[in-house]
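Data block below; observations after.
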Amino acid sequence: MSAMREQPTWVPANLAPRTRFGEPLSRHTSWHVGGPADVFFKPADEDELAQFLGALPDGIPVLMLGLGSNLLVRDGGWRGVVVALHGGFDEMKMVGDRHVYAAAGVPCARLAKNCARWNIGPAEFFAGIPGTVGGALAMNAGAWGGETWPLVESVTVINRHGVRTTRPASDYRYSYRHVEPPVAGEWFLGALFALSTQTPTSQAEIQRLLDQRRDSQPIGEWSGGSTFMNPPGDHAARLIDAAGLKGCRLGGAVVSTKHANFLLNDGAATANDLEQLISQIQDTVAKTHGVRLVTEVRIVGEAQ
């Protein structure tokens with residue numbers, strides 16, 4: 001695709017104030033790395049997103065962005081459109097006495113806290129997920145033994161032509177950190193979660209879990225969240241630690257000494273530093289333990 005880092009003619013005039021060109025994605029990812037996006041669009045609501053996608057020419061890649069965790073954007077950036085859902089897609093409400101609708105931009109920790117306030121669950125594990133509901137749906141995110149999709153009753157999606165559809169959860173196949181949609185080229189706008197009123201989780205328990213996460217993970221530092229999936233019957237952090245890689249550094253990228261499955265940007269890392277460190281960890285763990293770790297983080301974009 002040709003360069004598109006100047007304003008394209010297809011962007012609707014009323015949406016131009018919400019659209020940026022050549023926007024550095026380092027400003028929007030939790031690793032604080034990543035080159036520019038050709039087009040960066042932040043819709044106020046579903047109608048604006050539908051209008052924008054309806055005007056989007058075929059063939060232009062689209063990347064939906066929440067809080068920017070579990071995502072490594074290469075230093076050359078994203079040659080296409082980035083749509084930022086966090087901030088505008090924040091609706092969350094009770095539906096009846098045991099269902100909750102949460103839009104794609106809702107932080108998972110906020111979902112956990114509100115479910116505790118409404119005395120429904122089990123949703124406390126969402127407090128351990130550093131991203132948004134949209135990202136949790138896309139990868140079946142989980143923490144502390146809980147996963148997203150077993151609680152989903154239905155989802156609302158949108159395709160690249162701006163057409164919205166509601167689909168039952170039964171249309172999707174999911175497994176550990178993997179979701180297989182029935183149709184390619186759709187993105188999640190939100191989900192209806194089916195919960196119960198049995199054994200509600202208190203706000204104090206949610207806070208305890210958040211404190212536990214803070215004590216065991218490098219919260220507040222520049223990381224992408226958990227870097228690798230846990231292999232069957234084991235933990236990626238244990239394998240990395242046992243391979244002697246805690247504190248291992250490549251440029252400005254370093255393996256956390258607090259939790260070995262977190263890679264940190266010390267403030268000077270490039271995306272290439274992080275990607276090369278990921279490869280080094282995979283090679284070392286494979287040589288040491290005979291296990292090839294698979295990334296949980298998604299790596300996108302072009303090398304510089």
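Residue check: is residue 230 touching a helix residue (DSSP H, G or I) at 6+ places or on another chain (Cβ under 6 Å), surrounded by fewer than 21 Cβ atoms within 10 Å (Cβ to Cβ) and on the phi < 0 side of the Ramachandran plot?
Yes, satisfied.
Name the strands (runs of 3 or more DSSP E) wholly inside the stretch 88-193 in which the number of residues that are within 20 Å of the chain's Cα centre (by Cα) and among the hydroxyl-bearing types (Ser, Thr, Tyr) is 1 or more. I'd like the intermediate steps shown before the answer.
Values: elements: 92-95, 99-103, 152-159, 164-168, 173-175, 178-180.
In the stretch 88-193, the matching strands (runs of 3 or more DSSP E) lie at 99-103, 152-159, 173-175.
Please determine, by comparing only the residues of the stretch 50-68 that are out of contact with any helix residue (DSSP H, G or I) (no Cβ under 7 Å at 6 or more places or on another chain) and under 21 Å from residue 108 (Cβ atoms), which one is surrounded by the fewest Cβ atoms within 10 Å (Cβ to Cβ).
63
Could you tell me which of the residues 284, 257 is over 15 Å from residue 234 (Cβ atoms) and either part of a loop (DSSP other than H, G, I, E, B) or among the basic types (Lys, Arg) (or both)?
Numbers: 284 fails: either part of a loop (DSSP other than H, G, I, E, B) or among the basic types (Lys, Arg) (or both).
Criteria check complete, one pass: 257.
For residues that are touching a helix residue (DSSP H, G or I) at 6+ places or on another chain (Cβ under 7 Å) and over 16 Å from residue 192 (Cα atoms), scanning just the stretch 146-162, find the one that is surrounded by the fewest Cβ atoms within 10 Å (Cβ to Cβ).
So the residue we want is 161.
Give the number of residues within the stretch 264-300 that are under 24 Å from residue 129 (Cα atoms) and among the β-branched types (Val, Ile, Thr).
Total satisfying the criteria: 7.
Got a sec? Which of 249, 298 is basic (Lys, Arg), under 22 Å from residue 76 (Cβ atoms) and touching a helix residue (DSSP H, G or I) at 6+ places or on another chain (Cβ under 9 Å)? Step through it out loud before you land on a result.
Working: 249 fails: under 22 Å from residue 76 (Cβ atoms).
Answer to the check: 298.
Could you check the stretch 105-120 and list, in sequence order, the residues that are out of contact with any strand residue (DSSP E or B) (no Cβ under 6 Å at 6 or more places or on another chain) and buried (at least 24 other Cβ atoms within 10 Å of the Cβ)?
If the condition is that a residue be out of contact with any strand residue (DSSP E or B) (no Cβ under 6 Å at 6 or more places or on another chain) and buried (at least 24 other Cβ atoms within 10 Å of the Cβ), then 108, 112 are the ones that fit.
Which pairs do you get when a residue that is among the charged types (D, E, K, R), found in the stretch 211-240, comes within reach of a residue that is in a helix (DSSP H, G or I) and surrounded by fewer than 17 Cβ atoms within 10 Å (Cβ to Cβ), reach meaning Cβ atoms under 9 angstrom, with the pair 6+ apart or on two chains?
Pairs found: 234/289.
Computed from the coordinates by the stated procedures, all read-outs in this text should not be read as laboratory data. Values in this document were obtained by computation on a predicted structure and should not be read as measured data. All Cβ positions, even for glycine, are placed from backbone atoms using ideal geometry, and neighbour counts span all protein chains on display.
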